[in-house]
1. Taking N as the number of residues in the range 127-181, what is its Cα Rg relative to 2.2 N^0.38 Å?
2. I need the peptides 86-97, 115-126, 153-164 ranked by packing, meaning the mean over residues of other C-beta atoms within 10 angstrom, with the highest value on top.
3. In the range 37-125, what percent of the accessible surface is made up of carbon and sulfur (1.4 Å probe, ligands and nucleic acids excluded)?
4. Pairs 16/64; 71/116; 42/64; 2/116; 2/61: which exceed 29 Å Cα-Cα?
5. Suppose the chain between residue 24 and residue 133 were pulled fully straight at 0.36 nm per residue; how much longer would it get relative to their current alpha carbon spacing?
6. For residue 161, project a label point 7 Å along Cα to C-beta. Then give me every residue of the range 62-89 with its amide nitrogen under 11 Å of that point.
7. At q = 0.10, 0.15, 0.17, 0.24 Å⁻¹, what log₁₀ I(q)/I(0) does the range 93-189 have when each alpha carbon counts as one equal point scatterer in the Debye sum?
8. For the chain, what is the mean residue ellipticity at 222 nm derived from helices alone (per DSSP H run of n ≥ 4: -39500 (n - 2.57); sum divided by total residues; nearest 500 deg cm²/dmol)?
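The values are calculated or read from the model by the stated rules, or taken from the named source; none is laboratory data. Everything numeric here is computed off the predicted structure, so don't read it as measured data. No Cβ is skipped: glycine too gets one built from the backbone with ideal geometry, and neighbour counts run over all protein chains shown. Just the protein is used for accessible areas: all its heavy atoms, side chains included, with ligands, DNA and RNA removed. Shrake-Rupley method; radii C 1.70, N 1.55, O 1.52, S 1.80 Å.
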Amino acid sequence: MKAELIKESINLFVEKGFSATSIQDIVDKLGVTKGSFYYHFKSKEALLMHIHLSYIDDLLKRQKTILETEKEARGKLVKVVELLIHDIEKQGALGRVYYREIRHLTPENAATIREKRAEFRDHIESIIKEGIENGEFRKNLEAKMITFAILGITNWSYQWFNPSGDLSVRELADMYTDFILHGIQSKES
């Protein structure tokens, strides 16, 4: 039941927005009582926090695997970009809720999520710095700004990219990776 509540809530949050979706809307969609909802979540905001934590914790776990298995900065960066773009296909609705609805978390919960987002961002910045230091990427790059650019490009894709459209997830990931790497790659690489 908990998984069904989460799934239907995500769909409703995408369709109507968090504020416009009531607990009654969620339970009506499943044909259950509010008691079923409150058995798993103490509030709609607690559900939203659960969604946010699940999403970012999963991203961090998969990013960590990339950092531990890829040897070169270029490979790490390619895999992280692919991770973010492939998530649009696998978890599109969840990603849209994650990026769009953070404003509805309490300040304390939003701070927790922002801290985890910063950790994800810091890992990308470390990849850029590593690539600069070992000569894979240009020496004159500002790692922090490049990191924000990469996240801006990939995260905004949740707003417009349709995995069922003319361009596949693989093609978009390849385009972004090519664009990013040729903009930061050292002439020697």
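1. Compactness ratio reported: 1.33.
2. 86-97, 115-126, 153-164
3. Carbon and sulfur together cover 50 percent of it.
4. 16/64; 42/64
5. 33.8 nm
6. 81-89
7. Log10 I(q)/I(0), no solvent term: -0.36, -0.74, -0.89, -1.22.
8. My calculation for the chain gives -26000 deg cm²/dmol from helical runs alone.
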